[in-house]
Amino acid sequence: MPVSAATESKLRAAMARLLAGQPQHTSGALSKSNLAREAQVSHATMHRAQNVLAEWDAQVACPVLRTPGETARDETIAVLRRQLREAKATVTELQSKLDALAAVTANLYYENLALKKRDNNRRLAPFPSAK
């Protein structure tokens with residue numbers, strides 16, 4: 001059962017928008033799913049429009065699954081992930097240094113307490129005066 005003239009014109013207008021890179025209802029990827037969404041018709045209805053699908057296949061020999069905007073977004077995400085990995089590595093390094101410094105400080109503190117206790121328990125004899 002072929003589609004109505006109105007549906008066929010919707011599909012053709014949607015195809016023109018997608019091929020021009022000016023989608024209104026989709027991400028702009030050149031796929032048949034997006035063609036149906038862009039035309040706001042069901043997938044079954046789109047598949048009944050054999051003439052439109054033949055034109056689509058002729059113009060979109062190898063479907064592009066990502067739009068330029070999606071490509072730029074993915075590249076930005078990759079850069080941000082790399083920066084995050086580097087920042088996490090720096091934080092890990094600094095945290096290990098901080099932990100080591102905390103351990104050294106604690107050791108010095110307890111050594112200082114032990115020395116004070118030892119010195120307080122001693123009886124110190126006063127030096128003889130040089131008179």
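The values are calculated or read from the model by the stated rules, or taken from the named source; none is laboratory data. Remember, it's a predicted structure, so these values are computed and weren't measured experimentally. Methodologically, a virtual Cβ is constructed for each residue, glycine included, from the backbone with ideal geometry; neighbour enumeration extends over all protein chains shown. Note: accessible area is taken over every heavy atom of the protein model, side chains too, but ligands, DNA and RNA are not part of it. Shrake-Rupley method; radii C 1.70, N 1.55, O 1.52, S 1.80 Å.
In segment 1-19, of all residues being over 31 Å from the mean Cα position of the chain (by Cα) and free of Cβ contacts under 8 Å to residues at least 24 places away in the same chain, the one that is most open to solvent (accessible area, probe 1.4 Å) corresponds to ALA5. Taking GLU70 and the conditions (1) more than 24 Å from the chain's Cα centre (by Cα); (2) in contact (Cβ under 8 Å) with a residue 24 or more places away in the chain, which numbered condition does it fall short on, given that it satisfies the others? Result: GLU70 passes all but (1).
Name every residue in segment 26-60 that is surrounded by 20 or more Cβ atoms within 10 Å (Cβ to Cβ) and of a type in the set (Asp, Glu), in order of residue number. If the condition is that a residue be surrounded by 20 or more Cβ atoms within 10 Å (Cβ to Cβ) and of a type in the set (Asp, Glu), then GLU38 is the only one that fits. When the test is whether a residue is basic (Lys, Arg), over 30 Å from GLN22 (Cβ atoms) and modelled with pLDDT of 90 or more, ARG82 passes it. Looking across segment 10-58, the residues that are basic (Lys, Arg) and either touching a strand residue (DSSP E or B) at 6+ places or on another chain (Cβ under 6 Å) or modelled with pLDDT of 90 or more (or both) come down to LYS10, ARG12, ARG17, ARG37, ARG48. Hey, does segment 93-114 have a residue that's loosely packed, with under 11 Cβ neighbours inside 10 Å and of a type in the set (Phe, Trp, Tyr)? Yes, there is a match, as at least one residue in segment 93-114 is loosely packed, with under 11 Cβ neighbours inside 10 Å and of a type in the set (Phe, Trp, Tyr).
For first residues located in segment 20-33 and without any contact (Cβ under 8 Å) to a residue 40 or more places away in the chain and in a loop (DSSP other than H, G, I, E, B), partners that are surrounded by fewer than 15 Cβ atoms within 10 Å (Cβ to Cβ) and among the polar types (S, T, N, Q) and lie 6+ apart or on another chain with Cβ distances below 8 Å form the pairs HIS25/GLN40.
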